[in-house]
Amino acid sequence: MAGERVRVVAAILITAALASGGCEPRRDAADAAPAPLSPTARSAVNDAVRQFARDVAHDVTREGPAAWHRHFSPSPSFFMASDGQLVFSSAASAARGIDDLTRTVRSIELRWGDDLRVDPLTPDLAVMASSWSELRVAADGGRVTDRGYFTAVAERRDGRWKLRNAHWSVAAPALKAP
């Protein structure tokens, strides 16, 4: 009789375990959250994205707006917003916009602030953010200086970092005292 009772209890426990396992959401490998980055991997991504940011500022300052072609992702997922407006909805629209800029802007001096932040998400994705300042010289010689804040997702593909998407905001002018 005791043996029969053990078998019944075991059967009930096995049935309960199987039934409750079916209540869990299914997690495919594609749905699984990536493993957290090790401190070494986080440091490597941080350093690489900081170097990428330096390269962007250097290239844009040296070559003008055409340099953006190399630093924006050609992926269909690319987009860029500025001051709350979608400026480029795709890599193709960004390429056309950059081409237009090369005809109207003679040079750009881009500087990131000392507050550059990098948040490594995976070995190939990171959020970057920084204050920035820019001096643009138009084709007619007119000069415009802007400053603001920049945020972006940087993505490494084929061994190179590019901006997967970005947002620029221009600081509002300071209010004058009455």
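The values are calculated or read from the model by the stated rules, or taken from the named source; none is laboratory data. All values reported here derive from a predicted model rather than from experimental measurement. Note that each Cβ is placed from the backbone with ideal geometry, even for glycine, and that neighbours are counted across all protein chains shown.
Of these, 135, 116, 125, which one is under 10 Å from the mean Cα position of the chain (by Cα) and either surrounded by 15 or more Cβ atoms within 10 Å (Cβ to Cβ) or farther than 23 Å from residue 84 by Cβ (or both)? Let's see the steps before the verdict.
On the way: 135 fails: under 10 Å from the mean Cα position of the chain (by Cα); 116 fails: under 10 Å from the mean Cα position of the chain (by Cα).
The conditions single out 125.
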Breaking point among (1) surrounded by fewer than 19 Cβ atoms within 10 Å (Cβ to Cβ); (2) modelled with pLDDT of 95 or more; (3) touching a Ser or Thr at 6+ places or on another chain (Cβ under 7 Å), for residue 43: (3)
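Test residue 94 against the criterion of being among the small types (Gly, Ala, Ser), closer than 26 Å to residue 37 by Cβ, touching a residue at least 24 places away in the same chain (Cβ under 8 Å) and surrounded by 18 or more Cβ atoms within 10 Å (Cβ to Cβ), and give yes or no.
Working: among the small types (Gly, Ala, Ser): yes; closer than 26 Å to residue 37 by Cβ: no; touching a residue at least 24 places away in the same chain (Cβ under 8 Å): yes; surrounded by 18 or more Cβ atoms within 10 Å (Cβ to Cβ): yes.
It is false that residue 94 is among the small types (Gly, Ala, Ser), closer than 26 Å to residue 37 by Cβ, touching a residue at least 24 places away in the same chain (Cβ under 8 Å) and surrounded by 18 or more Cβ atoms within 10 Å (Cβ to Cβ).
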Close pairs (6 angstrom Cβ cut-off, 6 or more residues apart or separate chains): free of Cβ contacts under 8 Å to residues at least 60 places away in the same chain and closer than 10 Å to residue 163 by Cα in segment 57-78, outside any helix (DSSP H, G or I) and among the small types (Gly, Ala, Ser) anywhere: none
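Quick one: is residue 77 at negative phi, in contact with an Asp or Glu (Cβ under 7 Å, 6 or more places away or on another chain) and of a type in the set (Ser, Thr, Tyr)? So that I can check it myself, show each step before the final result.
Numbers: at negative phi: yes; in contact with an Asp or Glu (Cβ under 7 Å, 6 or more places away or on another chain): no; of a type in the set (Ser, Thr, Tyr): yes.
Answer is no for this residue.
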